[in-house]
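The values are calculated or read from the model by the stated rules, or taken from the named source; none is laboratory data. In this text the structure is predicted, and so the values were computed from the model without any measurement. Every residue, glycine as well, gets a Cβ built from its backbone with ideal geometry; the counts of neighbours run over all protein chains shown. The protein model used for the area step is the full one, side chains on, heavy atoms only, and it has no ligands, DNA or RNA in it. Shrake-Rupley method; radii C 1.70, N 1.55, O 1.52, S 1.80 Å.
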Amino acid sequence: MDAKERENSMKTANDSAIYSSLAGWAIVTVVGVFLRFAFDALWLSLLSWAILAFGFVMCCVTAFKILNAK
């Protein structure tokens, strides 16, 4: 990795927009967990699992973007 790539990687890792989106996806994941235990209905349980899974995947995608993994 040359100096230019390293500098771009540091700019990406320090971008506040990425951390804001990570916090947003974490909130979505917590909402999925809350809905999972809020009520006892099959449709709400399935919806909450979908929200939880989507939020978790997007948190991982954002974390890998911070790490600049390809």
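Points to keep in mind about this one:
- Taking the criterion of being over 16 Å from residue 27 (Cα atoms), in contact (Cβ under 8 Å) with a residue 24 or more places away in the chain and in a helix (DSSP H, G or I), the residues of segment 49-70 that qualify are 65, 66, 67.
- Of the listed requirements (1) in contact with a helix residue (DSSP H, G or I) (Cβ under 8 Å, 6 or more places away or on another chain); (2) open to solvent by 50 Å² or more (accessible area, probe 1.4 Å), residue 26 misses just one: (2).
- Selection status of residue 46, open to solvent by less than 80 Å² (accessible area, probe 1.4 Å), in a helix (DSSP H, G or I), among the aliphatic types (A, V, I, L, M) and free of Cβ contacts under 8 Å to residues at least 24 places away in the same chain: no
- Test: residue 4 is surrounded by fewer than 10 Cβ atoms within 10 Å (Cβ to Cβ) and free of Cβ contacts under 8 Å to residues at least 60 places away in the same chain: yes
- Enumeration of residues in segment 7-21 that are within 30 Å of residue 49 (Cβ to Cβ), open to solvent by 50 Å² or more (accessible area, probe 1.4 Å) and hydrophobic (A, V, I, L, M, F, W, C): 17
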